[in-house]
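Okay, structure first, notes after.
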Amino acid sequence: MRINIKGNIRDILKFTKLIPERIERIQNASSDKITSDPINELAFKLHPDTQHLMISDIFNETKSTKTFKLVPDLDSNTRHVAYFRAGQYLSLKVDVIKGKDTYRITRPYSISSSPFEALKGFYEITIKKTEGGFLSEFAWQNWKVGTKIEASDPQGFFYYDPIRDKPSIIGLGGGSGITPFRSMAREITSGKMNANLTLFYGSSDEEDIIFFEEFSALAKNYPEKLKIINVLSCEIVTLAGCLEGFITADIIQTYADVNESSIFICGPQAMYNFLKTEIDSLNLPTKRIRQEMFGEIKNITQCEGFPLDKAENIYTIKVKMGKQYLEVPANATETVLVALERAKLAPPSRCRSGECGWCRSRLISGDIFISPESDGRRIADKKFGYFHPCSSYPISNLEIEVPTEF
Amino acid sequence: MTQITTNSSNQDKIRFYNVIVAGAGNGGLVAAATLARKGVKVLLLEQHNLPGGFASSFVRGRFEFETSLHELCSMGTSDEKEGVRRIFEDQLNIEASFIQVPEAYRVIIPEEELDVIIPFGVQEFTDAVEKAVPGSKKSVKNFWQLVEDIHNAIIYVGRSQGKVDRIEMLRNHANFIKTGGYAVDEVLDALKMPLKAQRIVTAYWCYLGIPTSRLSFTIFAGMLRTYIKGGGWVPRYRSHGFTTALDKRIRELGGEIEYNTRIEKILVKDGKITGVGTSKGEIIRTNHVIANISPTAVYNKIIYPQTEVPEIAYKLVNARTHGITLLVVYLGLDKSAEELGITDYSYFIYNKGSSDALYEEGTKELTKSHPAQATVCLNKAIPDCSPPGTSILYITTLFRPETWANVKVEDYFDLKTELATQLIDDFEQATNITIRNSIEEIEVATPITFAHYTKVYNGVIYGYENDVWDSVVNRLQSMNHEKYIDGLEFCGGFAEQGHGYSSSLDSGRLAALVTLQKLIESEEIGEIRK
């Protein structure tokens, strides 16, 4: 077959003119430089590499809890705080000074202020001081108005999605796990988020209830949008309207329609362990339950499958990081990430729960233990020996390659 | 205690490599692996913490999603290997496996009452079109004859490395020449293919991202042939599987890779590459850079000093049209494909027949209905790609990047939701399948997301558009005249071979071979590994 499109000669001519036409088009084109890239500019506004922030105010919430208000550090190139979705967190990057030593570590904190407040130029994070808490003790002593803090862009997937979730949200919060719900509550009651929230909030004592007045007032002013049920595990409860004990399936069902809601859970590890049986008894599909990560597993020896005979061992990790080769000691019951930070290596990390993959590193040799619930690796990473140091525990000597921070 | 085993004087030494590859996308990975295999001292730098660029994956809950791939072409079978399989299996020998998708596509155009499943295989394809549009068979058969003629010519041009013999072309590849100056519509009209049959035959136009009134027939023919004859393929463990395998192979072959390192400057002196400057503040010396970065970004931003960029380089960039970008809705569903009634792997749902109308109305408006979608159910190719009783569905639509330029940050998340809702509704309506109440995980990637992870200029995914004048064939013929910096080659979706996984993978091979030749000619390297 011989094709004719517009005639033999015309077709051949058209073809032979292609290259001359190309040359002509290029010659006649503008020689102006392209200086704008609006899509990357927008991407950078939403996802800056680093947010340079400064503490502008500190509020005492309870005896052991403070809220830090963070604004752009105007000495840096940060001019805005990045917009986010209620429920997301910031991974702070902090130089913690202990004695003569400085350790560069990361800690994820849910943003306790709301997205519309980020548009006004600030975030709030609310930190509970814990006994022996590496960062919280340091922050208590050292963080003042004017202290500069580096943060990631907003991270995480613990947010309401109107396509996926039911517009009735059941929040199950414990201790400082109330922080993402405060962000949601502010967003909902200000009319920015089209959903309603019934929050079951567990505290160990009356005076440990964080944001008690704020939630009481919001619930009173917006009864259609927000309900708060405080559940206290202490022996004597004097505050009106508070329940005694723990958040159980019965309590949840008494105050909310579980079949027409999406459940969001954020709290300490112990609360997750307790709630598991309660939630299972509700017999809900996985899609109706969303759980925020809780950071490193506190007591890895209690995880099924952890080799208890190795719990006391200290191993050596050979680390290649950029141009450096180092040897680092590591406890079997602490994550590889903690061992690296203790050795002052400051590797990249964000969620510290195995989820985000920012610390993704290469396991050259040795064995690690990963609890299935904090194993967020890609299939191919498992096959090719990549791992997330933030959720991996050494159970032999290791040789690893860790990326340097961007 | 911690021991530092590297001495500091060694650290401060300026590093030198025969070749530095900028970016670990499909092209950069193959370029680095090809060079490493030849024993060349090569360094691959990538700004993200993963290999792959757009060829990646991500995890949400129980699901691992493919970032951008629908199906790879140019694989061929083990018996009759095509380009990509030859690169992976014969040249680089990487540990990656691929699975063939069951059918080419199902195209649904309600406006024209079309709903046709197109199988792989030329005969099967032709029969399916004839069944849907009786009387079209002759024109479709002639079309395939033409496609075959063009394929043979493309092989010849590809092997000529920019030195095409015109007499030989005229003698042996006349149909290639005679269609070479035309767009798809012009050729199909000349074949007297009924319009309805044209809609079916050209359904893949959205993989090239340019309407058939402008799309080079040659390029369309080349792409369609490799899909229909060789099949569409997906990587067994998502694209992250083969990109990680490439990463592994590069290291095994002695190449070096550093992530979280952005090339901020390509240093040029007197028209020659002298090194790169990285985001870590390091200067690394080399005489050869293979950029898996767009010429747009390289010439306008990265070459240093900018006075080294000749005016003609800006003109070349400005003469071309930057391609489109995507919005993808990733869905993890808590029912199996069978339970949901999803019968096919790949759906093209076009609310209008004409690709011009789809391109004009679909890609340039944010608020209006988005009339074109390409939707894939990964479980129909890889049944166990998600846990039992679940499935993965991706809905993709096209956008001109500038459409997103004025989005306000405070509207961004709502806009994602609005567009995703509408695409889900359109899918449900066109297929009569209900997915809305089975969504366990949802993620929406926009042009902004793609820019965020890859830093590609303006979030563009499809490189430069394949208009007739700027088709891959014309680019390849002109490539030797369009190099403006000595030692600089391009690979990836913005390079001569155009976008798409198979093209960008092969572009890495081509850039590596051209660079290798220069290394040998300039006697920068001695022995070459066979």
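The values are calculated or read from the model by the stated rules, or taken from the named source; none is laboratory data. Note that the structure is a prediction, hence the values are computed from the model and not measured. Methodologically, a virtual Cβ is constructed for each residue, glycine included, from the backbone with ideal geometry; neighbour enumeration extends over all protein chains shown. Remember, those area values only see protein heavy atoms, side chains included, never the ligands or the DNA or RNA. Shrake-Rupley method; radii C 1.70, N 1.55, O 1.52, S 1.80 Å.
The separation of segment A:77-125 from segment B:176-246, counted between C-alpha centres, amounts to 48 Å.
Given in Å, the Rg to one decimal and the Dmax to the nearest whole number for the Cα atoms of chain B are 23.1, 81.
Of the listed pairs B:Lys265/B:Lys315; B:Lys248/B:Lys380; B:Lys13/B:Lys455; A:Lys98/B:Lys13, which have alpha-carbon separations greater than 25 Å here? Write down the numbers at each step before the final one.
Details: B:Lys265/B:Lys315 21 Å; B:Lys248/B:Lys380 29 Å; B:Lys13/B:Lys455 30 Å; A:Lys98/B:Lys13 34 Å.
Listed pairs above 25 Å: B:Lys248/B:Lys380; B:Lys13/B:Lys455; A:Lys98/B:Lys13.
For segment A:168-291, rounded, prolate or oblate, judged on the Cα gyration tensor with a ≥ b ≥ c (square roots of eigenvalues), a/c < 1.5 rounded, else prolate if a/b > b/c? Judged from the Cα gyration tensor, segment A:168-291 comes out oblate (a/c at least 1.5, b/c at or above a/b).
Comparing the full protein assembly with the isolated chain, the residues of segment B:450-492 losing at least 40 square angstrom of accessible surface (1.4 Å probe) are B:His452, B:Tyr457, B:Asn458, B:Trp469, B:Asn474.
Can you sort A:Asp49, B:Asp270 by solvent-accessible area, 1.4 Å probe, largest first? If you can, show how the numbers build up before the last one.
Working: A:Asp49 60, B:Asp270 125 Å².
Reading off the accessible areas and sorting them downward yields B:Asp270, A:Asp49.
Can you send over the carbon and sulfur percentage of the accessible area for segment A:48-151, probe radius 1.4 Å, protein chains only? In segment A:48-151, the share of accessible area belonging to carbon and sulfur is 48 percent. Taking all protein chains as they are arranged and a probe of 1.4 Å, the heavy atoms of B:Cys491 leave approximately 0 Å² accessible to solvent.
Sorted from longest to shortest, the spans of the Cα atoms of the protein assembly as shown along the three principal axes equal 98, 69, 53 Å. Think of segment B:375-530 as a dipole: +1 on every Lys or Arg Cβ, -1 on every Asp or Glu Cβ, centred on the Cα centre; then among B:Ile424, B:Ile461, B:Cys385, B:Cys385 lies furthest on the positive end.
Would you mind checking the pairs B:Lys138/B:Lys352; A:Lys93/A:Lys128; A:Lys318/A:Lys383; A:Lys93/A:Lys129; A:Lys14/B:Lys131 and listing those with alpha carbons more than 28 angstrom apart? Don't skip to the end; give the middle numbers.
Values: B:Lys138/B:Lys352 26 Å; A:Lys93/A:Lys128 17 Å; A:Lys318/A:Lys383 21 Å; A:Lys93/A:Lys129 18 Å; A:Lys14/B:Lys131 35 Å.
Correct reply: A:Lys14/B:Lys131.
State in Å² the accessible area per residue of chain B; use a 1.4 Å probe, count heavy atoms of protein chains only, and round to the nearest integer.
About 35 Å² of surface per residue is accessible.
Carbon and sulfur atoms: what percent of the 1.4 Å accessible area of segment B:119-230 do they account for? Reported share for carbon and sulfur atoms: 51 percent. Computed from the C-beta positions of B:Gln91 and A:Arg2, the FRET efficiency with R₀ = 45 Å rounds to 0.75. Comparing Cα centroids, segment B:365-398 and segment A:330-376 end up 33 angstrom apart.
Relative to a virtual label point 7 Å from the Cα of A:Val145 in the Cα→beta-carbon direction, which members of segment A:38-78 show backbone nitrogen distances below 15 Å? Hits in segment A:38-78 for A:Val145 at 15 Å: A:54-60, A:67-71. In this label model, B:Glu264 and A:Asp205 are separated by 5.0 nm, measuring between points 7 Å along each Cα→Cβ vector. Remark: accessible surface ordering of B:Arg166, B:Arg236 (largest first) is B:Arg166, B:Arg236, probe radius 1.4 Å.
Apply the a/c threshold of 1.5 to the C-alpha gyration tensor of segment A:227-272 and tell me whether it is rounded, prolate or oblate. Oblate shape, in that a/c is at least 1.5 and b/c is the bigger or equal ratio.
Charges only on Cβ, +1 for Lys and Arg, -1 for Asp and Glu: so what's the dipole of the protein assembly as shown about the Cα centre, in debye to the nearest 20? Numbers along the way, then the final one.
Details: 107 positive and 119 negative charges, 542 e Å.
So the magnitude is around 2600 debye.
Restricting the trypsin sites (Lys or Arg not before Pro) of segment B:327-398 to loop positions (DSSP other than H, G, I, E, B) with no more than 10 neighbouring Cβ atoms within 10 Å leaves B:Lys368.
What whole-number value in Å² describes the accessible area per residue of chain A for a 1.4 Å probe?
On the way: 18010 Å² over 406 residues.
With the other protein chains kept in place, chain A gives 44 Å² per residue.
Computing FRET efficiency as 1/(1 + (r/R0)^6) for A:Lys17 and B:Tyr156, where r is the C-beta to C-beta distance and R0 is 35 Å, gives about 0.95.
Stretching A:Ile9 away from A:Tyr325 to a fully extended chain increases their span by 106.9 nm, per 0.36 nm per residue minus the current alpha-carbon distance. What residues does segment A:41-62 have that are buried by at least 20 Å² of accessible area in the full protein assembly compared to the chain on its own, 1.4 angstrom probe? Residues losing area: A:Leu42, A:Ala43, A:Leu46, A:His47, A:Asp49.
Within 10 Å of each Cβ in A:374-382, how many Cβ atoms from other chains are there, averaged over the peptide?
Working: counts 0, 1, 5, 2, 11, 10, 18, 8, 1.
For peptide A:374-382, the averaged partner shielding equals 6.
Counting Cβ atoms of other protein chains within 10 Å of each Cβ in B:173-179 and taking the mean gives 5.
Accessible-area rank, largest first, for A:Lys148, A:Lys14, B:Lys163, B:Lys315: B:Lys163, A:Lys148, A:Lys14, B:Lys315, with all protein chains present and a 1.4 angstrom probe.
What helices in chain B pass both tests, a Cα length along the helix axis of 27 Å or more and a mean Kyte hydropathy of 1.6 or higher, using whole DSSP H runs? Intermediate values should be presented prior to the final figure.
Numbers: long enough: B:137-160 (35 Å, -0.28); B:409-431 (34 Å, -0.41); B:501-521 (30 Å, 0.32).
What comes out of the filter, once short or polar helices are dropped, is none.
Interface residues of segment B:390-405, defined as those losing at least 30 Å² of solvent-accessible heavy-atom surface relative to the isolated chain (probe radius 1.4 Å), are listed as B:Ala405. Computed with a 1.4 angstrom probe on protein heavy atoms, the B-A interface buries about 8200 square angstrom of accessible area in total.
In peptide B:239-252, what is the residue-averaged number of other protein chain Cβ atoms found within 10 Å of each Cβ? Numbers along the way, then the final one.
Working: counts 1, 6, 6, 1, 1, 8, 3, 0, 4, 5, 0, 0, 2, 0.
Average per residue, whole number: 3.
The accessible area of A:Val231, taken with all protein chains in place and a 1.4 Å probe, comes to roughly 0 Å². Using a probe of 1.4 Å on the protein chains alone, the accessible area found for A:Thr126 is around 10 Å².
With a/c under 1.5 counting as rounded, go ahead and sort chain A into rounded, prolate or oblate using the C-alpha gyration tensor (a ≥ b ≥ c being the square roots of the eigenvalues; past the cut-off, prolate if a/b is larger than b/c, else oblate). Don't skip to the end; give the middle numbers.
Values: a/c = 1.77, a/b = 1.40, b/c = 1.27.
Prolate is the answer for chain A, as a/c is 1.5 or above and a/b outweighs b/c.
With contributions of -39500 (n - 2.57) from each DSSP H run of at least four residues, the per-residue ellipticity at 222 nm computed over the protein assembly as shown stands at -9000 deg cm²/dmol.
Give me the percent of accessible area attributable to carbon and sulfur for segment B:357-454, probe 1.4 angstrom.
Here carbon and sulfur together make up 47 percent of the probe-accessible area.
Taking only the C-alpha atoms of segment B:399-530, Rg followed by Dmax gives 21.2, 64 Å.
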